[in-house]
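**Student:** Just dropping this structure here.
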Amino acid sequence: MAAKIIDGAALAERVKADVKERVGAHQRAGRPVYLVAVLVGGSPAGEIFAQRQADACRAVGIEYQLLKLDGDSTHEQVMQAISRLNHDPAVTGIMVHLPLPAHLNATELQYHIDPVKDVEGVNPANIGYVVYGQTLIAPFTAQACIELINATGVELRGAEVTVVGASQIVGRPIGLLLTQQMATVTTCHIATRDLKLHTTRADILVAAAGKAGLITADHVKEGAVVIDVGINRITLADGTKKTVGDVDFESVSRKAAAITPVPGGVGPMTVAMLLQNTLRSADLLHAKA
Ligand code: NAD
């Protein structure tokens, strides 16, 4: 039987409508929601991505500024720029675009963002709160996966979940949030000896490795929920380029109960979750004030 397609785009629209309404309430109370994104040494790809982000913010009433710094800015200069944003009461959210020029240390810069204004949920304090089960702001890609899983109605308590990928901002936080929901989580990575052993017993399989076609029907249990986080650009036989996930959609969608498409699954929900986090930062700041 063909899997149900989990429509991330439609779900994202619902989240954005809710965010828009609540951002409006902040505006009416004279407290605009204002996100500043730091871009060090812009590349054309980085600028396009930032422009899309600006459009997404403005569509829900979030004020957005792209703070462009020279590519040869020193670590100290970027730290100072973040300090100024931390202390500016008008700024409710801060994020730093990656990748950064090689001479800058992304982790140290992310450590420096005020945890309450850290809309990406990448400050170690925010990861720590997730570990303690007291989430303040969680990494937004991980949250997107949780929302998509919840949208299928599958029971998380006691479910066997396998996450393929163990990166700091995607794979590992997904595992933490799912453990919090009482799922039994197995995390696989590049050193996992027998991937299929773990993936074939998963009621819920999350693929976040960044390898096109890594997960085939042989990796999937009949009736599983499959969430495909991967974004990979591949070249087809005729030379055209295509964006695909980590999951072989064609074969897996005939075996799974529900599956996210790429594009149109995790991607749009990730944007919606960033907007939701930006609103959350403003909520937390105004609650403190
Ligand atoms: P990463 O390269 O930092 O981490 C990849 C992880 O996958 C590592 O833990 C690695 O050990 C593991 N891995 C790699 N090859 C593997 C294999 N053959 N078997 C098992 N594990 C393997 O990547 P990331 O930043 O976590 O991103 C992962 C993917 O998700 C990428 O394709 C990225 O573009 C995509 N992504 C999508 C969104 C979205 O909005 N949809 C957001 C963030 C990342």
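**Student:** Just checking, which of GLY264, GLY239, GLY213 is more than 29 Å from GLY158 (Cβ to Cβ) and in contact (Cβ under 8 Å) with a residue 40 or more places away in the chain?
**Tutor:** Result: GLY264 is the single residue among GLY264, GLY239, GLY213 that is more than 29 Å from GLY158 (Cβ to Cβ) and in contact (Cβ under 8 Å) with a residue 40 or more places away in the chain.
**Student:** A further question follows. Sort out which residues of the range 86-99 are surrounded by fewer than 20 Cβ atoms within 10 Å (Cβ to Cβ) and modelled with pLDDT of 95 or more, and write them in order of number. Walk me through it before giving the result.
**Tutor:** Let us first name the residues in the range 86-99 that are surrounded by fewer than 20 Cβ atoms within 10 Å (Cβ to Cβ), namely 86-90, 98-99.
Result: ASN86, HIS87, ASP88, PRO89, ALA90.
**Student:** Can you work out which of the residues in the range 188-211 that are closer than 22 Å to ASN232 by Cα and crowded, with 19+ Cβ neighbours inside 10 Å is farthest from the ligand (Cβ to nearest atom)?
**Tutor:** ILE204
**Student:** Then there's this: Condition check: more than 9 Å from the ligand (Cβ to nearest atom), buried (at least 16 other Cβ atoms within 10 Å of the Cβ), of a type in the set (A, V, I, L, M) and under 30 Å from ARG22 (Cα atoms). Does LEU275 satisfy that?
**Tutor:** Yes: the conditions hold for LEU275.
**Student:** Let me ask something additional. Out of curiosity, is GLU120 among the charged types (D, E, K, R), touching a residue at least 24 places away in the same chain (Cβ under 8 Å), closer than 25 Å to GLY8 by Cα and away from the ligand (no atom under 16 Å from the Cβ)?
**Tutor:** No: the conditions fail for GLU120.
Residue-by-condition table, conditions (1) more than 18 Å from ILE6 (Cα to Cα); (2) modelled with pLDDT under 95; (3) small (Gly, Ala, Ser):
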residue: ARG193; (1), (2), (3): yes, no, no
residue: LEU205; (1), (2), (3): no, no, no
residue: ALA209; (1), (2), (3): yes, no, yes
residue: ILE215; (1), (2), (3): no, no, no
residue: HIS219; (1), (2), (3): yes, no, no
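**Student:** From the set of residues in the range 227-239 that are outside any strand (DSSP E or B) and within 11 Å of the ligand (Cβ to nearest atom), which is surrounded by the fewest Cβ atoms within 10 Å (Cβ to Cβ)?
**Tutor:** Result: ILE231.
**Student:** Let me ask you something else. Keeping to the range 1-10, report how many residues are surrounded by fewer than 20 Cβ atoms within 10 Å (Cβ to Cβ) and under 16 Å from the mean Cα position of the chain (by Cα).
**Tutor:** Looking only at that region, the number is 1.
**Student:** Would you mind stating whether GLY175 is within 16 Å of the ligand (Cβ to nearest atom), buried (at least 16 other Cβ atoms within 10 Å of the Cβ) and either within 13 Å of VAL229 (Cα to Cα) or touching a residue at least 40 places away in the same chain (Cβ under 8 Å) (or both)?
**Tutor:** Against the criterion (within 16 Å of the ligand (Cβ to nearest atom), buried (at least 16 other Cβ atoms within 10 Å of the Cβ) and either within 13 Å of VAL229 (Cα to Cα) or touching a residue at least 40 places away in the same chain (Cβ under 8 Å) (or both)), GLY175 does not qualify.
**Student:** Restricting attention to the range 33-45, which residues are surrounded by 12 or more Cβ atoms within 10 Å (Cβ to Cβ) and free of Cβ contacts under 8 Å to residues at least 40 places away in the same chain?
**Tutor:** Result: GLY42, SER43.
**Student:** Do we have any residue at all in the range 72-80 that's within 17 Å of LEU35 (Cβ to Cβ) and not hydroxyl-bearing (Ser, Thr, Tyr)?
**Tutor:** No: the range 72-80 contains no residue that is within 17 Å of LEU35 (Cβ to Cβ) and not hydroxyl-bearing (Ser, Thr, Tyr).
**Student:** To continue, here is another question. Which count do you get for residues in the range 86-122 that are part of a helix (DSSP H, G or I), among the hydrophobic types (A, V, I, L, M, F, W, C) and over 25 Å from GLY61 (Cβ atoms)?
**Tutor:** 2
**Student:** Test ALA256 against the criterion of being crowded, with 22+ Cβ neighbours inside 10 Å and not in a helix (DSSP H, G or I), and give yes or no.
**Tutor:** yes
**Student:** What are the residues in the range 240-267 that are under 15 Å from the mean Cα position of the chain (by Cα) and more than 8 Å from the ligand (Cβ to nearest atom), if any?
**Tutor:** The answer is THR260, PRO263, GLY264.
The values are calculated or read from the model by the stated rules, or taken from the named source; none is laboratory data. If you're wondering where the values come from, they're calculated on a predicted model, not measured in any experiment. Please note: Cβ atoms are built from the backbone with ideal geometry, for glycine as well, and neighbour counts cover all protein chains shown.
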